Structures are given as C-alpha cells and as structure tokens.
C-alpha cells in the first residue's frame, strides 16, 4: 500500500449537513441539562454540600468501589 492510499483511508471528512450538526448539538445539550438536573436532584434530596461531602454515596456502584478500596 503506498503512502497516498494509506493516508487517504485514515482521513475523515466533515459533514456538510447543517441539520445533522444541529441535531447532534441539541442532543448533547439535552444530555448535559439532564445530568445537571439529576445532580441537583441528588444534592437537594439528600441535603448534601458537594464541596464538602460525596453526593452519590447511596448508589450501588459507589458502594462496590468503596468496598474494594
């Protein structure tokens, strides 16, 4: 395989569809808003200060990792 072909296979083009870019951006924004809402929900439900204590200590994954350490 020559160098020109090798680099051509590795090159990736960008999309020219503005609609696709807006859809991906909107999905990303919605996901980030959902994370913020969930984080605030956990903080206010358990009355935790995220600067001083852990927020997600009630989750099974947190407990499993804490038990390993």
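Values in this text are rule-based calculations from the coordinates and carry no lab data. Because the structure is predicted, anything quoted here is derived from the model rather than measured. Cβ: placed from backbone, ideal geometry, glycine included. Neighbour counts: every protein chain shown.
Could you calculate the FRET efficiency of residue 67 with residue 34 from 1/(1 + (r/R0)^6), where r is the beta carbon distance between them and R0 is 30 Å, rounded to 0.05?
Working: r = 29 Å, r/R0 = 0.95.
For residue 67 and residue 34, the calculated efficiency is 0.55.
Among 19, 57, a tally of other beta-carbon atoms within 10 Å of each Cβ gives an order, fewest to most, of 19, 57.
Here, P(r) means the percent of Cα pairs in each 5 Å bin from 0 to the largest distance; for the stretch 30-69 it is 6, 22, 23, 22, 19, 7, 1. Residue separation of residue 25 and residue 44 scaled by 0.36 nm, minus their Cα-Cα distance, works out to 4.0 nm of gained length.
Here the residues 43, 33, ranked from fewest to most Cβ neighbours within 10 Å of their Cβ, fall in the order 33, 43.
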